[in-house]
Amino acid sequence: MPSIASRPYSQAAADRLAAGGLHPVLARVYAARGIADARQLEHELGALLPFSAMKNAAEMAGLLADAIAAGKRLLIVADYDSDGATACAVAVRALREFGAAVDYLVPNRFEYGYGLTPEIVRLAAERGPDILLTVDNGISSVAGVEEARKLGMAVLVTDHHLPGDELPSAASIVNPNQPECAFPSKNLAGVGVIFYVMLALRAELRGRGAFGAKPEPNLARLLDLVALGTVADVVRLDDNNRILVQQGLKRIRAGRAVPGINALLRVAGRKTEKAATYDLGFVVGPRLNAAGRLDDMALGIECLLAESEDRAFAIAQQLDTLNRERREIEADMQDQALAALEKTEVGESYVLSLYSPDWHQGVIGILASRLKDKYHRPVIAFAQGNEGELKGSGRSIGGLHLRDALDLVAKRKPHLLQKFGGHAFAAGLTIREAHFGEFSAAFEEIARALLGPGDLERVIESDGCLNAADMNMELARSLAAQVWGQGFPQPAFHETFTVENQRVVGEKHLRLRLGKGGRIFEAILFFHSEPLPERISAVYRLDVNEYNGSQSLQLMIEYWEEAGSGER
């Protein structure tokens, strides 16, 4: 059974924040997320970190400015997920405004796999570009960059993934995670990196007098795309990323998003004026990702590049259909995986490595994520790749840096991994099908060395208890107005309640009336229809419920367990 733990926080930091005018609960919540100074909560564009702090940003800007002046042809090579798609759209839109001759290419994951591979370089060469510009990939493409050099094309790499032991011999590399880069935010998504490069390019062009006879492009118009890619890629929302996301959401809510984002919200029945990080991560992002998972991410990029509402909506409808298909495939795969795991003693395993020849390569990452959440263990799910190969997608828990764990496997057994890359919590890899059993054993061995039994116990973090007087609409609205996400989690609280009334709604949800401190609170528990006991300990979020034009406070129950008679 999971345990509930209150997030630790600095009382001194909370006191400083409260003294500055923050609600005491908000001050406590922020302090628990590492906020020690109210200036960290600023979300104006002027508070963004400068591009000058990013290694090679000015250098790459100079190369791009030279290319534009010489009329050279640029080809963007993008990744096939939401981060790659938004990064591609940012680059195409900005470069075209700057006067560049630019097009894009996104690899079909089923034919070419991830990154700037030699095969993709040869495909790109057929377009006749002078320069290849990678977005959200390229930091590990040593062979691909070499192939481009042989074919007479220069390569500019923009990426955010962790580099390997060898960097590609590109003309320039911008990546906050490359050696000797002093940029303070190492958590930029790929779309954030290319946005910074475009900021540097605008400054370079300004210095060359390129905007003397015309208005200077307003790059803030791209922040809706930056916010979408940042949230959808589940990077840590540090101070700088929160500014990018907050500013992007501000544009979306004001009706100034690109037609593609508006259309993706519309097909999902969501209101642009109330857009939040949830909509970016769980509504727009999955629909955009569906193109790369099941078909061709070029469809998603075209949606983001569309200039007319009609064209954007037509493409968004196709993406919505693909997303429904993706959900059906995912559900079938999850049923298969759970059936297989019923025959396995999961409790004895530190990791789960799973493979079925029936699984879809585009959905294994989502499957790994679902199983990781269910069993609280690192999971790698494999599907068939090229002949004799398996493509794997992994998700991890706190305590096991997945990319580093795979690196250890590669060092100890060099023949096992053909290629791999990723982050702490997500990674991809390719192995030979014949090596699946040996890889599973090696990965388990590494995990046992890095994890302890306590790491496998799920802990639900909360922000402590609330006084009944603080459980109100004012606080709920204040919490809803903030940007929450990876590394800056949405606040949840825990209390013991009496269950005063309960009824099933929508055939599978419980509508509750909960008692605490002499007050009654309306609450909802989704995807649970069995009766609750008379007293429960619950982890919940404060929510503003809208119904028939009116608003009321509602508690969103995230976890519950029966409370003993002695609990408060």
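Coordinate-derived values only; no laboratory data. It should be emphasised that the depicted structure is a prediction, and the values quoted were computed from it without experimental measurement. Cβ: placed from backbone, ideal geometry, glycine included. Neighbour counts: every protein chain shown.
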Quiz prompt | Dimensions (Å) - the range 53-123, Cα atoms, principal axes, largest first | solution = 36, 28, 21
Self-check item: Cross-link pairs beyond the 26 Å C-alpha cut-off, checked among Lys374/Lys508; Lys186/Lys413; Lys372/Lys508; Lys55/Lys372
Solution: Lys186/Lys413; Lys55/Lys372
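Can you compute the charge dipole magnitude of the chain about its Cα centre, using +1 on each Lys and Arg Cβ and -1 on each Asp and Glu Cβ, nothing else charged? Give it in debye, rounded to the nearest 20.
Dipole magnitude for the chain comes out near 1220 debye.
Charges only on Cβ, +1 for Lys and Arg, -1 for Asp and Glu: so what's the dipole of the range 461-562 about the Cα centre, in debye to the nearest 20?
Magnitude of the dipole: close to 240 debye.
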Quiz item: For Met60, Met1, what ranking results if the residue with the fewest other Cβ atoms within 10 Å of its Cβ goes first?
Solution: Met1, Met60
Quiz item: If one puts a single equal scatterer on every Cα of the chain and applies the Debye formula without solvent, what log₁₀ I(q)/I(0) results at q = 0.11 Å⁻¹?
Solution: -1.11
Practice problem: Averaging over all projection directions, find the projected area of the Cα convex hull of the range 47-319 and quote it in nm² with one decimal place. | Solution: 13.4
Quiz prompt | Surrounding net charge for Leu225, when Lys and Arg each add one and Asp and Glu each subtract one, Cβ distance under 11 Å | solution = +1
Quiz item: How would you rank 179-186, 225-232, highest first, on the average number of other Cβ atoms within 10 Å across their residues?
Solution: 225-232, 179-186
Exercise. Filter the GluC sites (Glu not before Pro) in the range 380-458 down to the DSSP loop ones having no more than 16 other Cβ atoms within 10 Å, then list what survives.
Key: Glu387, Glu457
Self-check item: Summed residue charge, Cβ within 14 Å of Arg253's Cβ, Lys/Arg positive, Asp/Glu negative
Solution: +3
Quiz item: What shape does the range 461-562 take by its C-alpha gyration tensor, where a ≥ b ≥ c are the square roots of the eigenvalues and a/c under 1.5 counts as rounded, a/b above b/c as prolate, and the rest as oblate?
Solution: rounded
Self-check item: Neighbour-limited loop hits for trypsin sites (Lys or Arg not before Pro), the range 373-447 (at most 16 other Cβ within 10 Å; DSSP other than H, G, I, E, B)
Solution: none
Quiz item: Considering only the chain, what is the antiparallel percent among its DSSP beta bridges, to the nearest 5?
Solution: 65
Quiz item: Of all GluC sites (Glu not before Pro) in the range 282-340, which ones are in loop regions per DSSP and have a Cβ with at most 11 other Cβ atoms within 10 Å?
Solution: Glu307
Quiz prompt | Reach of Lys419 by Cα under 21 Å, taken over lysines that are not fewer than 8 positions away in the same chain | solution = Lys391, Lys411
Self-check item: Unit charges at the beta carbon, dipole of the range 344-456: most positive-side option, His435, Gln384, Ala424
Solution: Ala424
Practice problem: Could you tally the net charge around Val499, taking each other residue with its Cβ under 12 Å from the Cβ of Val499, Lys/Arg +1 and Asp/Glu -1? | Solution: +2
Quiz item: Under the definition of Cα pairs under 8 Å and six or more residues apart, what whole-number percent is the relative contact order of the chain?
Solution: 11
